[in-house]
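Would you mind keeping the following structure in view while I ask a few things?
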Amino acid sequence: MGELSLPGIDYGALLPMLILFGAACLGILVEVFTPRRSRNGIQLTLAFLALAASFVAVIVQHSTRKITIGGAVAVDGPTVFLQGALLVLGAVSLMLIGERSIERGGPFVSQAAITVGSQKDVKQANDQPGMTEVYPLTIFAIGGMMLFVAANDLLTMFVALEVFSLPLYLLCALARRRRLLSQEAALKYFLLGSYASAFFLFGVALVYGFSGGISLSAVHDAVANPQRSQILLYAGLAMIAIGLLFKAALAPFHVWTPDVYQGAPTPITALMAACTKVAAFGALLRILYVAFDGVRWDFQPVLGAIAALTMLVGAILAVTQTDMKRLLAYSSVANAGYLLVGVLALNEEGLSSTMFYLVAYGFSVLAAFGIVTLVRDADGEATHLARWAGLGRKSPLFAATFTFILLAFAGIPLTSGFTSKFAVFGAAVEGGQTWLVIFGVITSMLLAFPYLRVVVMLWLSEPSETTPTVSIPGFLTSAALVIGVAATIALGVVPAPLIDLTRDAAQFVR
Amino acid sequence: MNDFPFLSILTLLPLVGAIAVALIPKAKAELAKTVAFVWSLVVLVLSIFMWIAFQVDGDRFQFRESYAWIPSWDARFTFAADGIALVMLMLIAILFPIVILASWHDVEKTNRSAPVYFSLLLAFEFTMIGVFAAADIFLFYVFFEVMLIPMYFIIGSFGGQRRQYAAVKFFLYSLVGGLFMLAAVIGLWVVGGHTFDFSKLAEAGASIDQNTARWLFLGFFVAFAIKAPFFPFHTWLPDAGGAAPAGAAALLVGVMDKVGTFGILRYCLSLFPEASRWFAPAALVLGVIGIIYAALLAVGQNDLKRLVSYTSIAHFGFIGIGIFAFTTQAGTGSVLYMVNHGLATGLLFIVVGMFVARRGSNLISDFGGAGKLVPVLAGVFFFAGLASLALPGTAPFISEFLVLIGTFTVHPAYAVVATAGIILAAAYVLWMVQRTTQGTLNPALTEVPEMKKDITLREKVVVAPLILLIILLGFYPKPVTDVINPAVQATMQDVGVEDPGPTAVVANERVGR
């Protein structure tokens, strides 16, 4: 047997992810060894500490540019930036997840396996504390996302995809209220997500057949200098793209989004809307910019059509929604379209502006779902749009906050929604994709209508007797809202520091 | 004095005021009103100082200030004013205290909060001053969009009937225009060399590819035409003007709509000269159609506020043909028209508001013979109407006349058709006055106790400065035209058009031969 040389592993560069996976495993042990009543506090603290430690590790690594662990992980500008973004957005989502004071026991079910509607279920809905496994699951998900944006070969990417998807499937099923809806959402997400993963894996196999390697640089070289049939390349790329487009909720692979967003516990919806978007687009950027750069002329029009379709579908269907969470879901579909416009610029501006958009949108959408968790009646969250009528008279502060977030989604200047749209559209014009920008502008007009309808309901309608109350947020939700709103203002008024950061980070290693 | 940062302070001052007023509790309504009024007077005083400091024969752009904002996009807080912006800023500074005073009791009829209303008015003043003072296209765009928000809430929360519909329609129309402009702004930024500075872009503008420039022009023009509004983008204005509280409606047509015409003059013409010339015939046709069509609709209105809104659309037709005639005379006339229209229509809206507040109805058919009950107010109404139809001796006459003769030298046909608009103006104004204040007294009016109260002292203070200015500028417009003229000449130079020589001289030469 010949000498077997082990690949070098830079543990420092991997530390952010290692911390999270370690903490998640520790969290499972906590479940086993600590008494139930003290678990929540311990788990929450552990999760926050893990995110903070990981964030510190990312900061320390901020100038690292290398490929490590045998070419499986690339730590470069986009990786560091997106991992930092994931950690911050994840921490804010964790605040919403950890909130226990709005509803007795929190937004999660106590034992998910109990049959819905049974006597035990009624009992646990009333007085059992929510399950604390959500914390390790969340940390696993965030860790997987961090690996996803750093993956430098297709198999690592697939593993990361599964690592962050499986916890999310579970988390979706854990709502305390409307459990059937929640379980249906989880099942739908799981089934469709599995198909998407299968497509991704099949695509990886085909691309491996084409290039003879799975690392992105091997694919890049093979694309530049093809040895085998191009059909393998195109079919493989298409299938990999389907897997990623599904996670990013781009039309026509978006159909799960409204159901899952509506059924999942709202803090989990917030986590998905903010962090899954970052992860999916981070991976999409890396695949397209690093591996398949050589066939950009082939995929640009196809993905352009998908971007246009996504914006259109998201905007038009958002108009018809009557449920707040579904409306936000379609709005997030449309925003995925705008993000893809930025991606398709296929230049450095495209990369930096997309990363900027991801962060800006993440904060706004977290604040939006944070407010949704507060508007409640006796049956839990009151998400039907008609129920929000006249809320501005009853709780002006929250209505004003929500109005501000909606204006940000509509892209009104002095909010992050405007600067981020400007950034991606500017990059796209630069990249010769003017038609997509015109499409984006037109769909923005359509999309303004549903937002405005909500604003009208909040302020200009008279409150009725059935108007739900706005719960007083606990410390964690308040903190999440303050962070989300402050970031939305700050990135709208003084976006320069973050723009500079994204520009400095906008260079992949190959 | 010229180094004093007038424009940035002038822009920020109302914002500070708006925040201060918003923090006053709802119960202390009087305090909020007083603070808002005094604050707007401070803005007025500062504007007067700025007017004095402006050098008529100096540079085109004065009071230039520039601060870094988003360096990687080269977006800056750049403020600068030419003569056109200066007169508009002055108009804003004059109208706001008047409107605040005129709106003194508007909120009391609703159960809404007075501090919020006056805070929104000041916030609106902030965006208005900002949009005219900006010399950076990014900054201009920001103000252009943000100004929708205070006005949206003013109409939506404090307006009359159908206010929700009107507010949403107003917002969506403007937003659609704004987004077209956003696309054009991005395009301009990319082809213009990654800068937003107006002066740099104006230089780069000439080198933009002809086709691209036309598309970019269209993006800007649609936004401004909706804002102005020109036919056929006007349908939001009667709804918004009809639903808004009278004071806010005066600001809506008096100031905010001028952003459209101002934007065409400053941005469309100077940045895309070739495209401006190419599109001019179409714009002239739209202007003329607007004059006739809106005037005809105004004749048929039974709602006073909607009627005044339609008259405004007709007047914007005049401003439009004045701009696109590309003569200094017509251009100066247009800018002067923007000022005079703000004064005259502002006055008309405010007086209509006084009638509506007394009667509790916008409908002309609910009035009739009101002059017998409130003779002085009816007299002011009549004067405002006459100013609005451009009677000689009132300020609008001068501007309308300038526009018409300036247009006649190059496009006689359009000028002739537009002149018919004057006759229609007489018809709608006089008929409105007749049906409202003249004739036999509507018996229903005597049953409304408020209708017996003639003009109050507060209302006199509100209308007096406007009446004075209308008469003063009607006889002596020189201080304003002196400021406007160089800026308009510079704009015409940007477009690359020279005024036609006086034809009378040519005729004499022929006789000499």
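Using a 10 Å cut-off on Cβ to Cβ distances, tally the other chain neighbours for every residue of B:173-185 and report the average as a whole number.
5
Whole-Hz ³J(HN,Hα) for each residue in segment A:465-471, computed from phi via Karplus 6.51 cos²θ - 1.76 cosθ + 1.60 with θ = phi - 60°, x for glycine and proline: what do you get?
Working through the residues one at a time gives 5, 8, 4, x, 8, 9, 5 Hz.
Here's another thing I want to ask about it. To the nearest µm²/s, what D does Stokes-Einstein give for segment A:11-505 at 37 °C and 0.692 mPa s, using the Kirkwood radius over alpha carbon pairs as Rh?
146 µm²/s
Taking H as built 1.01 Å from N, whose amide H comes closer than 5 Å to the amide H of A:Thr469, not counting residues under 5 places away?
Under 5 Å from the amide H of A:Thr469: A:Arg376.
Rounded to the nearest 0.05, what FRET efficiency do A:Thr466 and A:Ala486 give with R0 = 51 Å and r taken as the Cβ-Cβ distance? Could you check?
FRET efficiency, A:Thr466 to A:Ala486: 0.95.
Which Cα, out of A:Thr434, A:Pro497, A:Val134, lies furthest along the positive dipole direction of segment A:11-505 (beta carbon charges, K/R +1, D/E -1)?
So the residue we want is A:Val134.
Which is farthest toward the positive dipole end of the protein assembly as shown among B:Ile19, B:Gly178, A:Thr68, measuring Cα position about the Cα centre, with Cβ charges +1 (Lys, Arg) and -1 (Asp, Glu)?
B:Ile19
Then there's this: Assuming a ≥ b ≥ c are the square roots of the Cα gyration tensor eigenvalues, decide whether segment B:379-497 counts as rounded (a/c under 1.5), prolate (otherwise, with a/b larger than b/c) or oblate.
Oblate, because a/c is 1.5 or more while a/b does not exceed b/c.
Let me ask something else about it. Can you give the relative contact order of chain B as a percent, counting alpha carbon pairs under 8 Å and 6+ residues apart?
15 percent
Using a simple charge model, +1 on the beta-carbon of Lys and Arg, -1 on the beta-carbon of Asp and Glu, nothing else, what dipole does segment A:11-505 show about its Cα centre, in debye to the nearest 20?
Computed charge dipole of segment A:11-505: roughly 840 debye.
Could you tell me, in Å, what Rg and Dmax come out for the Cα atoms of segment B:1-154?
Computed over the Cα atoms of segment B:1-154, radius of gyration and Dmax are 16.1, 52 Å.
So what are chain B's ellipsoid semi-axes, whole angstrom, largest first, if each one is the square root of 5 times an eigenvalue of the alpha-carbon gyration tensor?
For chain B, the ellipsoid semi-axes come out as 35, 28, 20 Å.
For Cα pairs less than 8 Å apart in space and 6+ apart in sequence, what is the mean separation divided by the residue count of chain A, i.e. the relative contact order in percent?
About 16 percent, as a whole number.
Turning to a different aspect of this structure: Give me the net charge for the shell around B:Met181: Cβ to Cβ below 14 angstrom, other residues only, Lys and Arg +1, Asp and Glu -1.
+2
Now a separate question. Return the sequence-ordered ³J(HN,Hα) values of segment A:403-413 in whole Hz as given by the Karplus equation 6.51 cos²θ - 1.76 cosθ + 1.60 applied to θ = phi - 60°, using x for Gly and Pro.
For segment A:403-413, the Karplus curve yields 4, 4, 5, 5, 4, 5, 4, 6, x, 6, x Hz.
Between B:Leu15 and A:Leu18, how many nm apart are label points set 7 Å from Cα along the C-beta direction?
That separation, rounded to one decimal, is 4.8 nm.
Something else about it: Alpha carbon centre of segment A:297-338 versus segment A:12-33: separation in Å?
36 Å
Towards the positive end of the charge dipole of chain B, with charges on Cβ (+1 Lys, Arg; -1 Asp, Glu), say which of B:Val376, B:Leu122, B:Gly263 has the farthest Cα.
Farthest along the dipole direction, towards plus: B:Val376.
Related question: Can you give the net charge of the other residues whose Cβ lies under 11 Å from the Cβ of B:His194, counting K and R as +1 and D and E as -1?
Charge balance in the 11 Å sphere: -3.
Treating cross-link reach as a plain straight distance, find the lysines whose alpha-carbon is under 27 Å from the alpha-carbon of B:Lys227, omitting any fewer than eight places away in the same chain.
By straight Cα distance, B:Lys227 reaches A:Lys421, B:Lys169, B:Lys200, B:Lys258, B:Lys305.
Return the lysines within reach of A:Lys394: Cα separation strictly under 24 angstrom, same-chain partners fewer than 8 residues apart disregarded; answer none if there are no such residues.
Partners found: A:Lys325, B:Lys26, B:Lys28, B:Lys109.
Which of A:Glu430, B:Glu108 has the fewest other C-beta atoms within 10 Å, and how do the rest follow up to the most?
Lowest count first: B:Glu108, A:Glu430.
So how far, in whole Å, is the C-alpha centre of segment B:209-287 from the one of segment A:62-96?
That distance is 47 Å.
Right, next: May I ask for log10 I(q)/I(0) of the protein assembly as shown at q = 0.05, 0.07, 0.09, 0.10 Å⁻¹, from a Debye sum over the Cα atoms as equal point scatterers with solvent left out?
-0.35, -0.66, -0.99, -1.15
By a straight-distance test (C-alpha under 19 Å), which lysines pair with B:Lys372 as possible cross-link partners, with residues fewer than eight away in the same chain excluded?
B:Lys452, B:Lys453, B:Lys460
Continuing with this model, one more query. So if I place +1 on the C-beta of Lys and Arg and -1 on the C-beta of Asp and Glu, and nothing else carries charge, what would the dipole magnitude of the protein assembly as shown be about its Cα centre? I want it in debye, nearest 20.
2260 debye
If you put +1 on each Lys and Arg Cβ and -1 on each Asp and Glu Cβ, how big is the dipole of segment B:6-500 around its Cα centre, in Debye rounded to 20?
Rounded to the nearest 20 debye, it is 1400 debye.
Quick check on the exposure proxy: order B:Glu447, B:Glu30, B:Glu65 from fewest to most C-beta atoms within 10 angstrom.
Ascending number of Cβ neighbours within 10 Å: B:Glu447, B:Glu30, B:Glu65.
Using the Karplus curve 6.51 cos²θ - 1.76 cosθ + 1.60 with θ = phi - 60°, work out ³J(HN,Hα) for each residue of segment B:25-41 in order, rounded to whole Hz, and write x for Gly and Pro.
Residue by residue, segment B:25-41 yields x, 4, 5, 8, 4, 4, 4, 4, 4, 5, 4, 4, 5, 4, 4, 5, 5 Hz.
Something else now. Averaged over peptide B:64-71, how many Cβ atoms belonging to another chain are found within 10 Å of each residue's Cβ?
Average per residue, whole number: 2.
A short reminder: the numbers here are calculations on the coordinates, not readings from a lab. Keep in mind that this is a model prediction, so the values were computed, not measured. Backbone-built Cβ (ideal geometry, glycine too); neighbour counts: all protein chains shown.
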